[in-house]
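A short worksheet on the structure shown next.
The values are calculated or read from the model by the stated rules, or taken from the named source; none is laboratory data. Being a predicted model, the structure only gives us computed values, none of them experimental. Glycine also receives a Cβ, built like all others from the backbone with ideal geometry; neighbour counts cover every protein chain displayed. Accessible surface is based on the protein model in full, side chains and every heavy atom, while ligands, DNA and RNA are left aside. Shrake-Rupley method; radii C 1.70, N 1.55, O 1.52, S 1.80 Å.
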Amino acid sequence: MKRSLIDISELTVEEIGRLISTAEDIIAHPSDYSERCRGKKLATLFFEPSTRTRLSFEAAMYELGGNVIGFSEAKSSSASKGESVADTAKVVSCYADIIAMRHPKEGAPLVAAVNASIPVINAGDGGHCHPTQTLADLFTIYREKGGFDGLTVGLCGDLKFGRTVHSLINALIRYKNVRFVLISPPELRLPQYMKEILDEKGVEYTETVGLDEAMASLDILYMTRVQQERFTSEEEYLRLRDSYILTPEKMKLGGPGLRVLHPLPRVNEISVEVDSDPRACYFRQVENGKYMRMALILMLLASDETPENPLLSPDLVRIGRCTNPRCISSVEQELAPLFRYVGGDPQKRRCIYCQSEG
């Protein structure tokens, strides 16, 4: 195994700081980095549609002087013929130097990482994680607010399936006195396992269904799209999709120091009239993501670490199968069901691939 990035928690606070410093230096001295990846190839394996993330990775590699190979949809790959994620990772390792993978099944990039002989970057897996979006978010917050300590962060919309939300929480809880306001309809609340993480870390958070009353207290408002592709019922999606719409009138309720982020794409949860408000950062956020992906690619390609295979950890147990239909183990039956007991409780276990309780 080569060092990969599957979950944002795999990066230390110090490493995030170094990535931010590198990204700032890239912005200040782009010509110094234009040949850093000459002769290197990035494979973009996108089993799920993407615009920003895929193009951001490709732009990042090209601006480092490297090349890009890959595909932008599952039907363009051998997955349409039934090839497993593990086999795809082994094959692509023969052609490229680093992989960026997006997959609709949670845990797929982890499976790729333990089977590849080159670094793998999780570019989003189902509703689970999206660590490079989090790097874009962190760099944006850093550039807009000067740091992370003491921030009040409002997370609004789809907190249940929002992989960007889950990753951002896991990143910010390591900074001092960060507080979260979780704004969502009851059906889209933050998953229980994420609340348990907040509780374990002693992080302050409140849950509310009202955006208006939260606005005045926020330093960061992180808006999210209600994701149609995560719903099994179109009726439920249609009922919830317009739960929150940020308008200029609502922006008046926020202070001058408020900054609005969004991982994009948006549908109608942010009015286009908000775009001209200087507190709206989501398009700056897109550009920031490119620089952080450049910094990450450089870090992983330079790393000589050989981490232990997380699927061989001695504290894992093989009992039954994961009940989450979005888990990679639900479709690739050759994968061993692997769970970790929560808090040593044998009645409570969590899937190693997707973090769902089973």
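Got a sec? Which of Met223, Met215 is closer than 24 Å to Ile6 by Cα, modelled with pLDDT of 90 or more and either of a type in the set (Gly, Ala, Ser) or crowded, with 18+ Cβ neighbours inside 10 Å (or both)?
Met223
Restricting the first residue to the stretch 249-269 and requiring it to be in a loop (DSSP other than H, G, I, E, B), which pairs with a second residue that is modelled with pLDDT of 95 or more and loosely packed, with under 14 Cβ neighbours inside 10 Å meet a Cβ separation below 8 Å and a spacing of at least six or different chains?
Correct list of pairs: Leu253/Ala216; Gly254/Ala216; Gly255/Ala216.
Tyr341 fails exactly one of the following numbered conditions: (1) under 16 Å from Met223 (Cβ atoms); (2) more than 23 Å from the chain's Cα centre (by Cα); (3) among the aromatic types (Phe, Trp, Tyr). What is the number of that condition?
(1)
Which one is nearest to the chain's Cα centre (by Cα) among residues in the stretch 152-200 that are in a helix (DSSP H, G or I) and among the small types (Gly, Ala, Ser)?
Ser167
Condition check ((1) at pLDDT below 95; (2) exposed (fewer than 14 other Cβ atoms within 10 Å of the Cβ); (3) under 16 Å from Val114 (Cα atoms)) across all residues:
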| site | (1), (2), (3) |
| --- | --- |
| Tyr62 | no, no, no |
| Asn67 | no, no, no |
| Ser72 | yes, no, no |
| Ser76 | yes, yes, no |
| Ala79 | yes, no, no |
| Val92 | no, no, yes |
| Tyr95 | no, yes, no |
| Ala100 | no, no, yes |
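At least 1 residues that are closer than 18 Å to Arg293 by Cβ and without any contact (Cβ under 8 Å) to a residue 12 or more places away in the chain in each: list the helices (runs of 4 or more DSSP H) lying fully within the stretch 32-147 that qualify.
Result: 52-63.
Does Ser303 satisfy the criteria of being among the hydroxyl-bearing types (Ser, Thr, Tyr) and modelled with pLDDT under 90?
no
Got a number for residues in the stretch 160-170 being hydrophobic (A, V, I, L, M, F, W, C), buried (at least 23 other Cβ atoms within 10 Å of the Cβ) and in contact (Cβ under 8 Å) with a residue 40 or more places away in the chain?
Within the stretch 160-170, residues that are hydrophobic (A, V, I, L, M, F, W, C), buried (at least 23 other Cβ atoms within 10 Å of the Cβ) and in contact (Cβ under 8 Å) with a residue 40 or more places away in the chain number 2.
Given the criteria farther than 23 Å from Arg163 by Cα, open to solvent by 20 Å² or more (accessible area, probe 1.4 Å), modelled with pLDDT of 95 or more and not in a strand (DSSP E or B), does Thr22 qualify?
So Thr22 fits the description; yes.
Every residue in the stretch 179-188 that is open to solvent by less than 10 Å² (accessible area, probe 1.4 Å) and of a type outside the set (Ser, Thr, Tyr), please.
Residues of the stretch 179-188 open to solvent by less than 10 Å² (accessible area, probe 1.4 Å): 180-184, 188.
Those that are open to solvent by less than 10 Å² (accessible area, probe 1.4 Å) and of a type outside the set (Ser, Thr, Tyr): Phe180, Val181, Leu182, Ile183, Leu188.
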